[in-house]
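Structure, as structure tokens:
The values are calculated or read from the model by the stated rules, or taken from the named source; none is laboratory data. Just so it is clear, the structure is predicted and the values come from calculations on it, not from any experiment. Cβ placement follows ideal geometry from the backbone for every residue including glycine, while neighbour counts extend to all protein chains displayed.
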Amino acid sequence: MRPKPGMSQGLRILLRAGDPVRRQGLATMLEEAGHSLVVEAPDVVLSDLSRGAEPPVEAEAPVIVLTDEALRGELPAGVLPRSVSTVQLDPALRAVAVGLLVRTPDSDRHDGFAAAADDAPPLLTPREAEILTLVGQGMSNKSVARALGISVHTVKFHLEALFAKLDATSRAEAVAKGLRGGVIEL
């Protein structure tokens, strides 16, 4: 059994790329970063997806996909744009090798990732989800405040934040969107 890859040593990378020119460019980037290309027992699989290609379904190691299109279904451990630089790729490979998930901060604004970002439910704080659940149970602001031991003003503050995050204009619409998006359950 191999030891876990560390920050000081290069990783064993299985490179999957259909375009030979692209493959050579990625291979050069990987070797310059101190990684070695392998065909068996990789630490990470790097898959370059051309337009319309599907990501690998199963792999023998964590997968980073380079793509400019939105991915559907279960996402691999890493998703980066095809224009990734060595400065971005090297730490992403190391992070995925130790079990972390990698996404670019601007992936929701990137053309290829816009559809995937639109499908994601909004991120609510635990308190916002708690308040939305109580509102969904028919409680008034005053009742929610009593149940949670907070002020009515604080409940209103959280509801305003909820309305903005869920793009809702009423309590009922916020609850409906929360239920549809799987943010809350009643």
Review point. Considering the range 6-33 alone, what residues qualify as being touching a residue at least 40 places away in the same chain (Cβ under 8 Å) and loosely packed, with under 12 Cβ neighbours inside 10 Å?
Key: Met7, Glu32
Practice item. Quick one: in the range 146-169, of everything that is small (Gly, Ala, Ser), at pLDDT 90 or above and assigned to a loop (DSSP other than H, G, I, E, B), which residue is surrounded by the fewest Cβ atoms within 10 Å (Cβ to Cβ)? Key: Gly149
**Study point:** helices (runs of 4 or more DSSP H) enclosed by the range 63-136 - at least 2 residues per element that are within 16 Å of the chain's Cα centre (by Cα) and either surrounded by 14 or more Cβ atoms within 10 Å (Cβ to Cβ) or at pLDDT 85 or above (or both)
**Key:** 86-97
**Study point:** First in the range 156-173 and among the charged types (D, E, K, R), second anywhere and outside any helix (DSSP H, G or I) and surrounded by 13 or more Cβ atoms within 10 Å (Cβ to Cβ), Cβ under 6 Å, 6 or more apart
**Key:** Lys165/Pro122
